[in-house]
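Visitor: Supplied in structure tokens, the structure appears directly below.
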Amino acid sequence: MSNHAPTVTIPWECVKGMLCYRGISKVQTHCNLSIEKLTHIYKSSSPRAKIGKKANSGLLALNNVNIKLEPGLYALLGPNGAGKSTLVNILVGNISPTKGKVLWCGRSIQTLGRNYREILGYVPQQQNLYNAFTGRQLLYYIAALKNINKKVEIEIEKATEVTNMKTELNKKIGNYSGGMKRRLLIAASLLGNPKLIILDEPTAGLDPKERVRLREIMASIAEEKIIVFATHVVSDVESVAKKIIILRQGEIVCQGSKVELIDRYPSAASVEDVYMNIFGED
């Protein structure tokens, strides 16, 4: 049986958002990501305007957020409604902020366009996958969209080995469990060696062993990449994050290394304790 995907037209909405394009011809290999004075307000008509702080014109989802990111793993930590997904959607270009800017190598991501997408890998929270494809067929399709023309099978083999999906690729995606779909999305995000990887609740649906494996994978590749790991589960990031950024109602409550956060709260012995100090039983 051939491993190659057939020529099939796949609906764009099924793959939009999880693409990262290969190549860095117009963008430097090693750059920092700078988030400056970022504010976002959802209009009153938006479904998201039902949760969070109210502003005159809707929901204040983010308020004056400032973060500097260099290679390493960064945790965006907070409960539902804290602003994590809004920040992620701005970072991947799905929405434009009301105020402020995001800079890659000192240039606005809104002006970089495709050159920014060339260095971006994204694992969305929602699993909008094409169930009629096998896992292998979807990865071939994503590889083609990323303009990966050489050694495609090697790229897929490496990405699926680290995500423990090699033996599942010939099955239909419609028959995958939620955890398998999540791992397939993570494998897709790794194709093309992106310099910036953004993960929105990537451990949802994974069993405890897979959660540990994902942490180890991300930690192992973070030395030369910027990885943004958005989650509400402290244990997902406590041991591997270079910096932990805690959001509450769209604002940064505190940010720093594990040791720095614990030092700020005398009664805390762990990041979990810090989290409970901030949010209590929320």
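Visitor: Modelled with pLDDT of 95 or more, surrounded by fewer than 23 Cβ atoms within 10 Å (Cβ to Cβ) and over 27 Å from Ala143 (Cα atoms): is that true of Ile262 in this structure?
Guide: Spelling it out, Ile262 is indeed modelled with pLDDT of 95 or more, surrounded by fewer than 23 Cβ atoms within 10 Å (Cβ to Cβ) and over 27 Å from Ala143 (Cα atoms).
Visitor: Given the options Ala143, Ala132, name the one that is of a type in the set (Gly, Ala, Ser), surrounded by 21 or more Cβ atoms within 10 Å (Cβ to Cβ) and more than 30 Å from Gly250 (Cα to Cα).
Guide: That would be Ala143, the only listed residue that is of a type in the set (Gly, Ala, Ser), surrounded by 21 or more Cβ atoms within 10 Å (Cβ to Cβ) and more than 30 Å from Gly250 (Cα to Cα).
Visitor: Let me ask something else about it. Exactly one condition in (1) without any contact (Cβ under 8 Å) to a residue 40 or more places away in the chain; (2) out of contact with any Lys or Arg (no Cβ under 6 Å at 6 or more places or on another chain) is not met by Thr203; state its number.
Guide: Thr203 satisfies all of (1) without any contact (Cβ under 8 Å) to a residue 40 or more places away in the chain; (2) out of contact with any Lys or Arg (no Cβ under 6 Å at 6 or more places or on another chain) except (2).
Visitor: I need every pair where a residue in the stretch 243-262 that is among the acidic types (Asp, Glu) has its Cβ under 7 Å from the Cβ of a residue that is crowded, with 18+ Cβ neighbours inside 10 Å and at pLDDT 95 or above, sequence separation at least 6 or different chains.
Guide: Glu251/Asn63
Visitor: From the list Asp273, Asp263, which residue is in contact with a helix residue (DSSP H, G or I) (Cβ under 8 Å, 6 or more places away or on another chain) and over 20 Å from Ala61 (Cβ atoms)?
Guide: Asp273
Visitor: Sticking with this one: Any idea which of Leu191, Leu206, Leu214 is more than 24 Å from Thr86 (Cα to Cα) and within 16 Å of the chain's Cα centre (by Cα)?
Guide: Leu191
Visitor: Any idea which of (1) surrounded by fewer than 16 Cβ atoms within 10 Å (Cβ to Cβ); (2) at pLDDT 95 or above is the one Ala230 doesn't satisfy?
Guide: Ala230 satisfies all of (1) surrounded by fewer than 16 Cβ atoms within 10 Å (Cβ to Cβ); (2) at pLDDT 95 or above except (1).
Visitor: Mind listing whichever residues of the stretch 146-161 are surrounded by 11 or more Cβ atoms within 10 Å (Cβ to Cβ) and of a type in the set (A, V, I, L, M)?
Guide: Within the stretch 146-161, Ile148, Val152, Ile156, Ala159 meet the criteria.
Visitor: Could you pull out every one of the helices (runs of 4 or more DSSP H) wholly within the stretch 62-144 that has 2 or more residues that are at pLDDT 90 or above, aliphatic (A, V, I, L, M) and farther than 20 Å from Pro202 by Cα?
Guide: It comes to 109-112.
Visitor: Here's something else I'd like to know. Just to verify a result, which residue in the stretch 171-180, among those that are more than 11 Å from Phe133 (Cβ to Cβ) and touching a helix residue (DSSP H, G or I) at 6+ places or on another chain (Cβ under 8 Å), is surrounded by the fewest Cβ atoms within 10 Å (Cβ to Cβ)?
Guide: Filtering first and then ranking leaves Gly179.
Visitor: Continuing with this model, one more query. Picking from Leu191, Leu169, which residue would you name as being modelled with pLDDT of 90 or more and touching an Asp or Glu at 6+ places or on another chain (Cβ under 7 Å)?
Guide: Testing whether each residue is modelled with pLDDT of 90 or more and touching an Asp or Glu at 6+ places or on another chain (Cβ under 7 Å) leaves just Leu191.
Visitor: Right, something else. From the residues in the stretch 77-121 that are closer than 23 Å to Val234 by Cα and more than 12 Å from the chain's Cα centre (by Cα), which one is surrounded by the most Cβ atoms within 10 Å (Cβ to Cβ)?
Guide: Leu77
Visitor: Of everything in the stretch 35-50 that's among the basic types (Lys, Arg) and within 22 Å of the chain's Cα centre (by Cα), which residue is modelled with the highest pLDDT?
Guide: The qualifying residue modelled with the highest pLDDT is Lys37.
Visitor: Does at least one position in the stretch 153-166 carry a residue that is within 22 Å of the chain's Cα centre (by Cα), closer than 25 Å to Glu216 by Cβ and among the small types (Gly, Ala, Ser)?
Guide: Checked the stretch 153-166: at least one residue is within 22 Å of the chain's Cα centre (by Cα), closer than 25 Å to Glu216 by Cβ and among the small types (Gly, Ala, Ser).
Visitor: Related question: Kindly provide the set of residues from the stretch 243-258 that are buried (at least 19 other Cβ atoms within 10 Å of the Cβ) and in a loop (DSSP other than H, G, I, E, B), ordered by number.
Guide: Matches in the stretch 243-258: Gly250 only.
The values are calculated or read from the model by the stated rules, or taken from the named source; none is laboratory data. All values derive from a computational prediction rather than experimental measurement. Please note: Cβ atoms are built from the backbone with ideal geometry, for glycine as well, and neighbour counts cover all protein chains shown.
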